[in-house]
Amino acid sequence: MLTGDDLGMDIGPMMSPRMWREYLKPRLKRVFDAYKSARPDVILAYHSCGSIVPFIDELIEIGMQVLNPIQVTARGMDPVALKAKYGHQLAFFGGIDQRQVLPAGTPEDVEAEVRTRISQMGRGGGYLLAPTHDIQSDTPVENVLALFEAARL
């Protein structure tokens, strides 16, 4: 079950952790608890763009199992550091840069990005290869095909 609230911007959270704890965390916990109550085997995925490092521990605490996306261009969202710190607790979903690499890179750049993310986050499992967000209309078809092709190899 994927749910989410964009908590982050490129440079950091868009609200203080104190405000999040007071206003959003209790409500999100009730949502997660309701999903688990209705279906105990459900996997809880949470979407938030941007840099959300200050919230990750508490998102895990209330039940998040999959973090989406790994926006590698946002401050602190380093895939290697995230995998090292949380790889035993979380699966990661995303990480292929759809702002620069997919729209402006070459197919070779896309392939390199895919290989880098797989090597950074794929060891031991727990990685769902995907762009950081929706593929935008300015992305060349060749780059979309390169993404799929590199993922298959």
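Any read-out appearing in this document is the output of simple, stated calculations on the displayed coordinates, not a laboratory observation. The structure displayed is predicted, hence computed values, not measured ones. Heads up, the Cβs are rebuilt from the backbone with ideal geometry, glycines too, and the neighbour counts pull from every protein chain shown.
List of remarks:
- Amide H within-cut-off set for TYR127, under 5 Å, with H built and near neighbours excluded: PHE92
- Taking other C-beta atoms within 10 Å as the exposure proxy, ILE70, ILE135 rank ILE135, ILE70 from fewest upward.
- For the chain, calculated [θ]222 nm from helices alone, where every DSSP H run of n ≥ 4 adds -39500 (n - 2.57): -12000 deg cm²/dmol
- Its residues counted as N, region 2-152 yields a C-alpha radius of gyration over 2.2 N^0.38 Å of 1.07.
- Across every pair of non-identical alpha carbons in region 30-72, the mean reciprocal distance, once inverted, gives a Kirkwood radius of 11.0 Å.
- Projected over every direction and averaged, the convex hull enclosing the alpha-carbon atoms of region 1-72 yields 4.3 nm².
- Candidate aspartates and glutamates - alpha carbon under 14 Å from LYS25, same-chain residues fewer than 8 apart omitted: ASP5, ASP6, ASP33, ASP57, GLU58, GLU61
- Table column - 3J(HN,Hα) (Hz), region 52-68, Karplus curve with 6.51, -1.76, 1.60, x for Gly and Pro: 10, 3, x, 9, 4, 4, 6, 5, 4, 3, 8, x, 4, 10, 10, 9, 9
- Net length available on complete extension from LEU153 to ASP109 is 14.3 nm, with 0.36 nm assigned per residue and the Cα-Cα distance removed.
- P(r), alpha carbons of region 63-121 - 5 Å bins starting at zero, rounded %: 4, 19, 28, 25, 14, 7, 3, 0
- In plain terms, the residue of LEU44, LEU24 with the fewest other Cβ atoms within 10 Å comes first and the most crowded comes last, giving LEU24, LEU44.
- Stretchable slack from ASP78 to VAL144, in nm (0.36 nm times residue separation minus alpha-carbon distance): 21.4 nm
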